[in-house]
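Please read the structure below before turning to the comments.
The values are calculated or read from the model by the stated rules, or taken from the named source; none is laboratory data. In this text the structure is predicted, and so the values were computed from the model without any measurement. All Cβ positions, even for glycine, are placed from backbone atoms using ideal geometry, and neighbour counts span all protein chains on display. Remember, those area values only see protein heavy atoms, side chains included, never the ligands or the DNA or RNA. Shrake-Rupley method; radii C 1.70, N 1.55, O 1.52, S 1.80 Å.
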Amino acid sequence: MWNYILKRILMAIPTLLIISFMIFSLLYLTPGDPVLLMLGSGDTQSVSQEQYEAVQKELGLDKPFLERYVDFLLGACRGDLGTSYITGENVFQTVMMRMPATLILTVSAVLVGILIAVPLGILAAVKHNSIWDSLATFLATIGVSLPKFWFGLVLIIYFSLRLKLFPSQGIAYIDRDGIGAFFSHLCLPAVSLGLGLAATQTRMIRSSMLEVLNQDYIRFAQSKGFKDKAVIARHAFKNAMIPVVTVLGSEIGALLGGAVVTETIFSWPGVGRLAMNSISRRDYPMIQGNTLILCAIFLLINLIVDIIYAWLNPKIRLN
Amino acid sequence: MKKRLFAVILAMSCLMTACAPKEEAPKATQPQTTAAEISQKETTAEGSAAQPAQTAGEKVLTIGTPYTLDTFLPWQFTSDGDRYVISNIYECLFEYDANTCIPGLAESYTNPDDCTWDVKIRDNAYWQTGNDLFGDEKVPVTAADVKFVMDWTMDPANGSKQQTNLSSLITSVEVLDEHTLRFHTEEPKALFLFTLSRVMIFPKKAIDEGFDLNAQPVGSGAFKFVSYQTDDQVVLEKNGDYYVTPELDQVIFKIIPDKSVAAIALQNGEIDITPQVLSTDIDAIASNDQLELVPNTLGWYRYAGFNCKDELFTDPEIRRALAMAVDMDAAVAATFRNNSGTKLAIRAYGPIPLELPGADEAAWKAESPSYDPDGAKAILESKGWKPGSDGIYEKDGKKFQFILKTPNNDNNRVKLGTIISTQLKQIGIDCVAQPTEWATLLTDIKAGDTQMFVMGGGSSLNGMEMLFHTTLSQSNSHRVFYDNEECDALIEKAAVTIDQEERGKLLLEASNMTIKDSVHMFGYFEYVQIGMNKKVTDFAKAPTLWYSLCNGYRNVGISE
């Protein structure tokens, strides 16, 4: 197994190289001038041509594409992802500083998603073609279709503005605000993010369970007189989890970097908001570093998913 | 299975606990040359908890700001969001609210001659105490400190964002006595005080000792820095040594990027002020008994600019014809309609906000083309344009078609663009409104890669320079390639005319030229509404977060 893990880590290097080149090229081709944005030359501020050129040189934006890319690559190999154009902060530190908030939100959203999806998916599969199945499928379709920004705002309007149950925005820290405030601030963003995941997972679990429930070994177990609950829990559910875990792995990866809308709406100080802010201001080092770190995490999650496969189904050999 | 489930839950709990941010000691002795230390996110001032517990009876004002904080360095900031916060920690010599000059660190000034300014600073100004830089020692702010900041800012090696502005303003600074400075300028400078209102005064000792002002800002303002938590909130507390005792014990800036959510937070009582209420939230706030809307001090100018170098728009008559084809009164009314009757914008007939010198609505109206679609068609036809088979004007086989770019981050400007394009289509001009991402739009405008664009700005005392001057507008987002030496000369003359009345006349004359040449399709002055809890006192007097909440002019408080 260790050989397998080492092999996967080595395979990640060319993947990250290709990704870094793609990010760099796309940013190079994207219109928008980081110098203008850095100098605040928007609606209200004026800059001289000399000041513009000085900043352009300082940021290295006057260098040719390949030279800039090689500089970035060499820096990344040394563990230096550069400094932000806008704030002058170290990129790695900045991303890592926001990662805990994103991890908290992601883990909570996954918990919400699993707690809803597992019972609903199993119910839909076991009560196939019943009203329960239709209801679960209907809810899952709704959940997948709802735009996150809209759903987030609806949650805020009803549960915060009207019912006054939760705060509308922001994060709370246990040491600063107490555990009650921590969970009350977490609740709406986690539900907003988790319901989309629950919808996808419900559909996955349902179809996977349906397939497994029709297998011979399930019928064999039933014919031996095992109770339905025992058959589902001990034999069907674990085997049905393989495709579910695959999708869950991808979803967690996507949530880590893609909770942009949720983090923005709920004023959650995470990596997604940082990415959004960096993109709108063409903070190239921050976008590159952020994306590269998230890609590395994504690859790591995929590796973990592969290892979980083997645990779920020993027939799958990692080597 | 149960054991595994328990193990998973335990692991997640550990992860969440581990992820919770920890307090970090302030980085008091780090080099100050970069902004990197702001990344020590739970930065706190000495002796303070991350957020001090609010005790009963304390007056705390919570402001929801939509901007992420980039820096606490007083010479590095460019965004409004940074200014909102650090203007409470640092002082400028003077502050400006629209056209009103408000004393800051300076208490008075005199002009021995047009190129000399003697500025007297308060003798009761002190650097803030309770930090790693000054400890508990009460150190006065002196003229030598101010001179140091001016010289330091003008040195390009220090990378101050105000370097260009200040270097083009003053030639040298002298210390006359402990509290008086003499500034020399090469020529008379009409915007001398205004330019100084952008330079914040910081302690020389911080630079000498390599103290990191980004991690622990120390100024002479009414509020002291307490803590900053990444993208979450900044906490300030009152400076007891300030010459005016602040009404507020604490000010909290909460970062809420979504303005709709900020409006909800205001209605919920989670914040007391939100600086920009969206038009979609106006009615909800106006109808709430606990809240009120306060318009910004001056109307922000918004316009549709022609690229005067584009072959379609080189002729001022053609530009005028297009302006005549658009019913701007109706467009502005449609864009800003609301049930509460709140004044969100007024029609602009010229480019200078009505609160600033040079604005004269009546004079502009006399020069402005009126809405006259038939007259517009007549002008186009007199210039050789003929309606084609599809109703679109053509000339030499080329259709009159172009793209009108609008910034996609401002719904009002997008709406204006859509209305303009619709009305131009009605007279036979194929105009397509294209919402464009902000950064892309700025680059396109600077590069001249636009035909027509909706933009806003120039709503300050140097607005005419930014909007129309041939060379001064080159590097900004208002580049219309208007090349009029006479107009340039008037703007330049206004810049060296200290007499405000005379200066106003020059700017009016220049603005009339731009109207006559139809450089812009003049849109509207937008009065951005600040949503505020009625408990907040003394804020409406000068409704802006651009300068300190407490100074000699106002002292914002909150009633029980």
**OP:** Using +1 at the Cβ of each Lys and Arg and -1 at the Cβ of each Asp and Glu in the protein assembly as shown, identify which of B:477, A:308, A:259 lies farthest towards the dipole's positive end.
**Re:** A:308
Original post:
Looking at segment A:2-77 from every direction and averaging, what is the projected area of its Cα convex hull in nm²?
Top reply: 6.7 nm²
Subject >> Computed Kirkwood radius, in angstrom, where 1/r is averaged over Cα pairs of chain A >> reply: 22.5 Å
Subject >> Kirkwood hydrodynamic radius over Cα pairs of segment A:109-224, then Stokes diffusion coefficient at 10 °C and 1.306 mPa s, in µm²/s >> reply: 100 µm²/s
**OP:** Based on alpha-carbon positions alone, could you give the equivalent ellipsoid semi-axes of segment B:55-104 from the gyration tensor, as √(5λ), descending, whole Å?
**Re:** 22, 17, 11
Original post:
Using a 1.4 angstrom probe on protein heavy atoms only, which residues from segment A:242-274 are buried by at least 30 Å² of accessible area when all chains are present rather than their own chain alone?
Top reply: A:264, A:265, A:267, A:269, A:273
Original post:
If you average 1/r over all unlike Cα pairs in segment A:181-319 and invert the result, what Kirkwood radius do you get in angstrom?
Top reply: 17.7 Å
**OP:** For the protein assembly as shown, give the magnitude of the charge dipole about the Cα centre (Cβ charges: +1 Lys/Arg, -1 Asp/Glu; no others), in debye to the nearest 20.
**Re:** 5460 debye
Subject >> Reduced Cα scattering model of segment B:325-464, Debye log10 I(q)/I(0), q = 0.10 Å⁻¹ >> reply: -0.42
Subject >> Signed unit charges on C-beta, dipole axis of segment A:2-77, positive-most listed residue A:5, A:32, A:55 >> reply: A:5
Original post:
If you line up the long axis of helix A:2-29 against the longest principal axis of chain A, both from Cα atoms, how many degrees apart are they, to the nearest 10?
Top reply: 50 degrees
Original post:
Per residue and in cubic angstrom, what volume does the convex hull of the Cα atoms of segment A:141-209 have?
Top reply: 97 Å³
Subject >> Probe 1.4 Å, accessible area per residue of chain B, Å² >> reply: 37 Å²
Original post:
Number of Lys-Lys pairs in chain A under 18 Å by Cα, sequence gap 8 or more or different chains?
Top reply: 5
Subject >> Relative frequency of Cα-Cα separations exceeding 14 Å in segment B:498-558, percent >> reply: 71 percent
Original post:
In a Debye calculation with equal point scatterers on the alpha-carbon sites of segment A:242-284 and no solvent, what is log10 I(q)/I(0) at q = 0.18, 0.25, 0.26 Å⁻¹?
Top reply: -0.56, -0.79, -0.82
**OP:** At 0.36 nm per residue, minus the direct Cα-Cα distance, what do residue A:74 and residue A:230 gain on full extension? Give it in nm, one decimal, please.
**Re:** 50.5 nm
**OP:** Mind pulling the per residue volume of the convex hull built on the Cα atoms of segment B:221-326? Å³ is fine.
**Re:** 215 Å³
Original post:
At each listed q (0.11 Å⁻¹), what is the log10 of I(q)/I(0) that the Debye formula gives for segment B:91-220 modelled as equal alpha-carbon point scatterers?
Top reply: -0.37
Original post:
What spacing in nm lies between the two simple spin-label points modelled at residue B:315 and residue B:355, each 7 Å away from Cα in the Cβ direction?
Top reply: 4.1 nm
**OP:** Rounded to the nearest 500, what is the 222 nm mean residue ellipticity of chain B from helices alone, with -39500 (n - 2.57) per DSSP H run of 4+ residues and division by all residues?
**Re:** -8500 deg cm²/dmol
Original post:
Taking each full run of DSSP H in chain B as one helix, which ones are at least 18 Å long along their axis (Cα atoms) and have mean Kyte-Doolittle hydropathy of at least 1.0?
Top reply: B:2-19
Subject >> Spin-label model distance (nm) - residue B:177 vs residue B:340, 7 Å beyond Cα toward Cβ >> reply: 5.2 nm
**OP:** Rounded to the nearest 100 Å², what's the accessible area chains A and B bury against each other, both chains counted, probe 1.4 Å?
**Re:** 5200 Å²
Subject >> Occluded residues from segment B:266-303, i.e. those whose accessible area drops by 20 Å² or more once the chain is not alone (1.4 Å probe) >> reply: B:267, B:268, B:270
Original post:
If you place +1 on the Cβ of every Lys and Arg, -1 on the Cβ of every Asp and Glu, and leave all else neutral, what size is the dipole of segment B:91-220 about its Cα centre, to the nearest 20 Debye?
Top reply: 240 debye
Original post:
Near residue B:383, which aspartates and glutamates are there with a Cα under 18 Å away, not counting those fewer than 8 places off in the same chain?
Top reply: B:310, B:311, B:315, B:317, B:372, B:374, B:394, B:396, B:430, B:517
Subject >> Convex hull of chain B built on C-alpha atoms - directionally averaged projected area, nm² >> reply: 31.9 nm²
**OP:** Any aspartates and glutamates with Cα under 12 Å of the residue B:189 Cα? List them, leaving off those in the same chain fewer than 8 positions away.
**Re:** B:113, B:114, B:492, B:499
Subject >> Accessible area of residue B:302 in the full protein assembly, 1.4 Å probe (Å², nearest 10) >> reply: 10 Å²
Subject >> Anchor residue B:238: lysines whose Cα lies under 24 Å away (excluding residues fewer than 8 positions away in-chain) >> reply: B:27, B:41, B:59, B:138, B:204, B:205, B:224, B:254, B:534, B:535, B:541
**OP:** Read phi for every residue in segment B:164-170 and hand back ³J(HN,Hα) as whole Hz from Karplus 6.51 cos²θ - 1.76 cosθ + 1.60, θ = phi - 60°, with x for Gly and Pro.
**Re:** 4, 4, 6, 5, 7, 9, 10
Original post:
For segment A:213-288, how big is the tail of P(r) above 21 Å, as a whole percent of Cα pairs?
Top reply: 54 percent
**OP:** Tally up the carbon and sulfur contribution to the accessible surface of the protein assembly as shown as a whole percent, 1.4 Å probe, everything protein left in place.
**Re:** 57 percent
**OP:** Determine the calculated [θ] at 222 nm for chain A from helices alone, applying -39500 (n - 2.57) to every DSSP H run no shorter than 4 residues and normalising by the residue count; nearest 500 deg cm²/dmol.
**Re:** -24000 deg cm²/dmol
Subject >> For segment A:1-156, convex hull volume per residue from C-alpha positions, Å³ >> reply: 223 Å³
**OP:** Let me know the charge dipole size of chain B about its Cα centre in debye, to the nearest 20, where only the beta-carbon of Lys, Arg (+1) and Asp, Glu (-1) is charged.
**Re:** 1840 debye
**OP:** Just need the relative contact order of segment B:199-286 here, percent rounded to a whole number, with Cα pairs under 8 Å and 6+ apart.
**Re:** 16 percent
Subject >> Among B:163, A:173, B:298 the positive-end extreme of the charge dipole of the protein assembly as shown (Cβ point charges) >> reply: A:173
Original post:
Going by a 1.4 Å probe on protein heavy atoms, which residues of segment B:193-238 end up with at least 50 Å² less accessible surface in the whole assembly than in their chain alone?
Top reply: B:230, B:231, B:232
Original post:
By how many degrees, between 0 and 90 and to the nearest 10, does the Cα long axis of helix A:65-77 differ from the longest principal axis of chain A?
Top reply: 60 degrees
Original post:
Antiparallel DSSP bridges in segment B:71-207: what percent, to the nearest 5?
Top reply: 100 percent
**OP:** Enter the accessible area per residue of chain A (Å², integer; probe 1.4 Å; all protein chains in place).
**Re:** 48 Å²
**OP:** Using the Kirkwood radius over Cα pairs, work out the Stokes-Einstein diffusion coefficient for the protein assembly as shown at 25 °C and 0.890 mPa s, in µm²/s as a whole number.
**Re:** 81 µm²/s
